[in-house]
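The values are calculated or read from the model by the stated rules, or taken from the named source; none is laboratory data. Remember, it's a predicted structure, so these values are computed and weren't measured experimentally. Every residue, glycine as well, gets a Cβ built from its backbone with ideal geometry; the counts of neighbours run over all protein chains shown.
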Amino acid sequence: MGTYGRFPIALTRGRGCYVWDEQGRRYLDFVAGIATCTLGHAHPAMVAAVTEQIQTLHHVSNLYYVPEQGALAQWLVDHSCADQVFFCNSGAEANEGAIKLARKYAHVKRGIANPLIITAKASFHGRTLATVTATGQPKYQQNFDPLMPGFAYVPYNDIDALETAIAELDANTPQVAAIMLEALQGEGGVCPGDTAYFQRVRQLCDQKGILLILDEVQVGMGRTGTLWGFENLGIEPDIFTSAKGLGGGIPIGALLCKASCAVFEPGDHASTFGGNPLACQVGLTVCQTLEAENLLANVQQRGDQLRLGLQRLVQQYPDWLTEVRGWGLINGLVLHPEAPVKSVDIVKAAMAEALLLVPAGPQVVRFVPPLIVSADQVQQALLAVEKAVALTVKCAQNS
Ligand SMILES: *Cc1c(COP(=O)(O)O)cnc(C)c1O
């Protein structure tokens with residue numbers, strides 16, 4: 001339906017951190033299906049997991065216990081603050097589940113008739129009606145009204161604004177059910193959360209019985225150098241969601257929560273495809289490979305290397321670039337607000353240098369390679385982006 005403005009290449013093959021187009025041209029993939037292909041392309045462990053599981057049993061429905069689902073849930077619970085997991089198929093669907101869980105909790109535990117969820121401006125939570133409403137960016141909402149009731153928005157990383165909003169919304173009777181945030185805003189421009197802010201948000205939630213929901217769809221599963229993005233902030237959520245990196249590119253989403261807010265009962269929520277043996281076995285393989293290949297350490301080291309290189313580039317072009325932001329292997333190169341170019345111009349120039357990048361809004365170029373990326377490949381990417389920036393600047397100066 002023409003919902004994507006596409007780049008003029010078609011990719012037909014991938015291996016590790018490289019992909020090839022129809023003409024056989026090779027690209028270094030620093031998009032990874034938008035922070036999704038955790039283990040890169042055609043990773044032997046994923047190939048084996050998909051092949052074995054499709055030959056054994058791939059789908060049965062949640063009418064029956066699915067051992068692979070139990071095993072993945074156990075891994076996630078063992079490696080996070082969560083006690084329970086619900087599996088679905090995408091990030092938006094996981095966030096829908098989180099919104100439903102928070103609303104039910106507000107109704108049955110706090111007697112709130114019209115629960116409100118506070119989200120942040122510049123956030124991104126998905127494209128379904130509820131999650132596009134949760135998304136604090138009008139450009140995604142335009143022409144889709146009436147939007148879902150029950151949401152309010154505050155600026156990100158601004159504790160005074162949040163306290164004021166809660167005080168106003170709860171003035172007569174408590175109605176704020178949950179606060180839903182990203183530990184680092186991905187689509188909104190690669191903006192890391194502030195530790196002091198998030199610690200105060202956690203305190204506020206504890207004081208007022210408000211649930212803290214963290215959308216870990218983009219930053220979870222090792223992307224930031226810790227397994228979960230919120231570990232960078234020294235806090236724990238009550239509810240969080242995962243998707244993108246969880247299946248390494250095979251569709252899967254997860255809604256996770258602590259026992260204290262696990263209010264779903266049989267019949268409350270469901271998914272036909274969610275939690276099937278194929279997706280769960282692949283998800284478990286991604287998790288086990290993260291551990292076996294010690295990928296969190298790689299994410300930290302390659303992230304440091306990438307940011308150092310990009311910071312040099314910023315120093316080289318102070319009128320064009322302002323800063324590098326990010327954690328681990330989610331990083332943004334930020335364009336100067338007055339620079340006469342947009343992030344997509346640099347992305348296109350990088351593509352000509354055989355490097356795939358993706359914008360995060362008009363002013364930020366995002367770097368989200370597979371977590372298996374090597375030091376050599378980061379070096380290659382830095383050389384390519386240097387050439388791309390030089391060329392973009394030259395073209396803009398000549399026009
Ligand atoms: C991508 C993304 C989503 C939506 O995930 P889909 O799988 O596209 O539905 C939600 N939240 C965040 C933070 C994301 O980055």
If I filter the range 68-81 for residues that are in a helix (DSSP H, G or I), within 17 Å of the chain's Cα centre (by Cα), modelled with pLDDT of 95 or more and within 30 Å of ALA388 (Cα to Cα), do I get at least one hit? no
Could you check the range 31-47 and list, in sequence order, the residues that are within 16 Å of the ligand (Cβ to nearest atom) and either assigned to a loop (DSSP other than H, G, I, E, B) or crowded, with 16+ Cβ neighbours inside 10 Å (or both)? VAL31, ALA32, GLY33, ALA35, THR36, CYS37, THR38
Residue in the range 123-132 that is part of a helix (DSSP H, G or I) and surrounded by fewer than 17 Cβ atoms within 10 Å (Cβ to Cβ) present: yes
Scanning the range 104-135 residue by residue, the ones that are free of Cβ contacts under 8 Å to residues at least 24 places away in the same chain and touching a Ser or Thr at 6+ places or on another chain (Cβ under 8 Å) total 1
Selection from the range 1-47 of residues that are of a type in the set (A, V, I, L, M) and touching a residue at least 24 places away in the same chain (Cβ under 8 Å): ILE9, VAL19, LEU28, VAL31, ALA32, ILE34, ALA35, LEU39, ALA42, ALA45, MET46
Kindly indicate whether any position in the range 198-221 is farther than 20 Å from LYS121 by Cβ, within 16 Å of the ligand (Cβ to nearest atom), part of a loop (DSSP other than H, G, I, E, B) and out of contact with any Cys (no Cβ under 6 Å at 6 or more places or on another chain). yes
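This table checks each residue for (1) farther than 24 Å from ARG103 by Cα; (2) away from the ligand (no atom under 16 Å from the Cβ); (3) aliphatic (A, V, I, L, M).
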{"position": "PRO237", "(1), (2), (3)": "no, no, no"}
{"position": "ALA243", "(1), (2), (3)": "no, no, yes"}
{"position": "GLY248", "(1), (2), (3)": "yes, no, no"}
{"position": "ALA254", "(1), (2), (3)": "no, no, yes"}
{"position": "ALA259", "(1), (2), (3)": "no, yes, yes"}
{"position": "GLU265", "(1), (2), (3)": "no, yes, no"}
{"position": "LEU296", "(1), (2), (3)": "yes, yes, yes"}
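Rundown of residues vs (1) modelled with pLDDT of 95 or more; (2) surrounded by fewer than 16 Cβ atoms within 10 Å (Cβ to Cβ); (3) not in a helix (DSSP H, G or I), yes/no style:
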{"site": "THR285", "(1), (2), (3)": "yes, no, no"}
{"site": "LEU296", "(1), (2), (3)": "yes, no, no"}
{"site": "VAL299", "(1), (2), (3)": "yes, no, no"}
{"site": "ARG302", "(1), (2), (3)": "yes, no, no"}
{"site": "LEU313", "(1), (2), (3)": "yes, no, no"}
{"site": "GLU323", "(1), (2), (3)": "yes, yes, yes"}
{"site": "GLY326", "(1), (2), (3)": "yes, no, yes"}
Single match in GLN185, GLN142 (criterion: surrounded by 16 or more Cβ atoms within 10 Å (Cβ to Cβ) and under 25 Å from LEU129 (Cα atoms)): GLN185
Checking ASN95 against (1) buried (at least 21 other Cβ atoms within 10 Å of the Cβ); (2) away from the ligand (no atom under 16 Å from the Cβ), only one condition comes out false. Which one? (2)
Do you know which of the residues in the range 160-195 that are touching a residue at least 24 places away in the same chain (Cβ under 8 Å) and of a type in the set (Gly, Ala, Ser) is farthest from the ligand (Cβ to nearest atom)? ALA165
Within the range 237-270, how many residues turn out to be surrounded by 24 or more Cβ atoms within 10 Å (Cβ to Cβ) and among the aromatic types (Phe, Trp, Tyr)? 1
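Could we say that GLU68 is more than 16 Å from the ligand (Cβ to nearest atom), crowded, with 21+ Cβ neighbours inside 10 Å and either acidic (Asp, Glu) or on the phi > 0 side of the Ramachandran plot (or both) here? Don't jump to the end; show me each part of the working.
On the way: more than 16 Å from the ligand (Cβ to nearest atom): yes; crowded, with 21+ Cβ neighbours inside 10 Å: yes; either acidic (Asp, Glu) or on the phi > 0 side of the Ramachandran plot (or both): yes.
For GLU68, the condition - more than 16 Å from the ligand (Cβ to nearest atom), crowded, with 21+ Cβ neighbours inside 10 Å and either acidic (Asp, Glu) or on the phi > 0 side of the Ramachandran plot (or both) - is met.
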Only one residue in ASP145, ASP158 is more than 19 Å from the chain's Cα centre (by Cα) and under 25 Å from VAL324 (Cβ atoms). Which one? ASP158
Pairs, first closer than 14 Å to LYS109 by Cα in the range 249-271, second assigned to a helix (DSSP H, G or I) and more than 16 Å from the ligand (Cβ to nearest atom), C-beta under 6 Å, six or more apart: CYS261/TYR105; VAL263/LYS104; VAL263/TYR105; VAL263/VAL108
For the range 25-44, check the following and say yes or no: at least one residue is over 25 Å from GLY186 (Cβ atoms) and touching a Ser or Thr at 6+ places or on another chain (Cβ under 9 Å). no
Of the residues in the range 111-145, those that are within 13 Å of the ligand (Cβ to nearest atom) and hydrophobic (A, V, I, L, M, F, W, C) come to ALA120, ALA122, PHE124, LEU129, ALA130, VAL132, ALA134
Lone qualifier among ALA292, ALA352 - being small (Gly, Ala, Ser), within 24 Å of the chain's Cα centre (by Cα) and loosely packed, with under 15 Cβ neighbours inside 10 Å: ALA292
Residue satisfying all of: in the range 77-92; crowded, with 22+ Cβ neighbours inside 10 Å and of a type in the set (A, V, I, L, M); farthest from GLY248 (Cα to Cα) among these: ALA82
